[in-house]
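Below: one structure, written as structure tokens.
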Amino acid sequence: MKDPTAGSSAKLIYSFKSILEVYSDETSISYLQATMTLQDLNTYNFADGLDSIRMSVGWRNPQEDAYDVHNFDIKFHLDPNQVEFTPIDGYCFGSIESQYY
């Protein structure tokens, strides 16, 4: 049994695939379908409605030297029916020089 007060071994698992839809009028659209999973997060000291978790994934857009970011804010609650999820789609400019990517 793991000590609930010990450090967390939480993992953010991100998976994605590209989707291409082709329509009968020969037009098409492509988009990214992604899944974010937060696994093994230690919530032992969390309080209902007071603590929250943010998961973020982003990738660099080299044409604009900026980042597209997807966030999910999750307001914790012991009752899974009362957990609140807030998706946030973002865009930002990084503070790290592009030469590092």
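The values are calculated or read from the model by the stated rules, or taken from the named source; none is laboratory data. These numbers come from a predicted model, not from an experiment. Every residue, glycine among them, receives a Cβ derived from its backbone with ideal geometry; neighbour counts consider all protein chains shown.
Check Ala47, Ala34, Ala66 and return the single one that is modelled with pLDDT under 80 and surrounded by 10 or more Cβ atoms within 10 Å (Cβ to Cβ).
That would be Ala66, the only listed residue that is modelled with pLDDT under 80 and surrounded by 10 or more Cβ atoms within 10 Å (Cβ to Cβ).
All but one of (1) assigned to a loop (DSSP other than H, G, I, E, B); (2) charged (D, E, K, R); (3) modelled with pLDDT of 80 or more hold for Arg54; state the number of the condition that does not hold.
Result: Arg54 passes all but (1).
For the stretch 19-28, does any single residue satisfy the condition of being in contact (Cβ under 8 Å) with a residue 12 or more places away in the chain, under 25 Å from Ser9 (Cβ atoms) and surrounded by 10 or more Cβ atoms within 10 Å (Cβ to Cβ)?
no
Given the conditions (1) surrounded by fewer than 14 Cβ atoms within 10 Å (Cβ to Cβ); (2) closer than 24 Å to Leu32 by Cα; (3) touching a residue at least 40 places away in the same chain (Cβ under 8 Å), and given that Val57 satisfies all but one, which numbered condition is not satisfied?
Just one mismatch for Val57, condition (1).
Please work out if Phe72 is in a loop (DSSP other than H, G, I, E, B) and either touching a residue at least 24 places away in the same chain (Cβ under 8 Å) or loosely packed, with under 11 Cβ neighbours inside 10 Å (or both).
no
Among (1) over 19 Å from Asn71 (Cβ atoms); (2) within 20 Å of the chain's Cα centre (by Cα), there is one condition Gly49 misses while meeting the rest; what is its number?
Here Gly49 meets the rest and fails (2).
Against the condition at pLDDT 80 or above, surrounded by 11 or more Cβ atoms within 10 Å (Cβ to Cβ) and either part of a loop (DSSP other than H, G, I, E, B) or of a type outside the set (Ser, Thr, Tyr) (or both), how does Phe85 come out, does it pass?
no
Of the conditions (1) under 16 Å from the mean Cα position of the chain (by Cα); (2) in a strand (DSSP E or B), Leu20 fails just one. Which one is it?
Failing condition for Leu20: (1).
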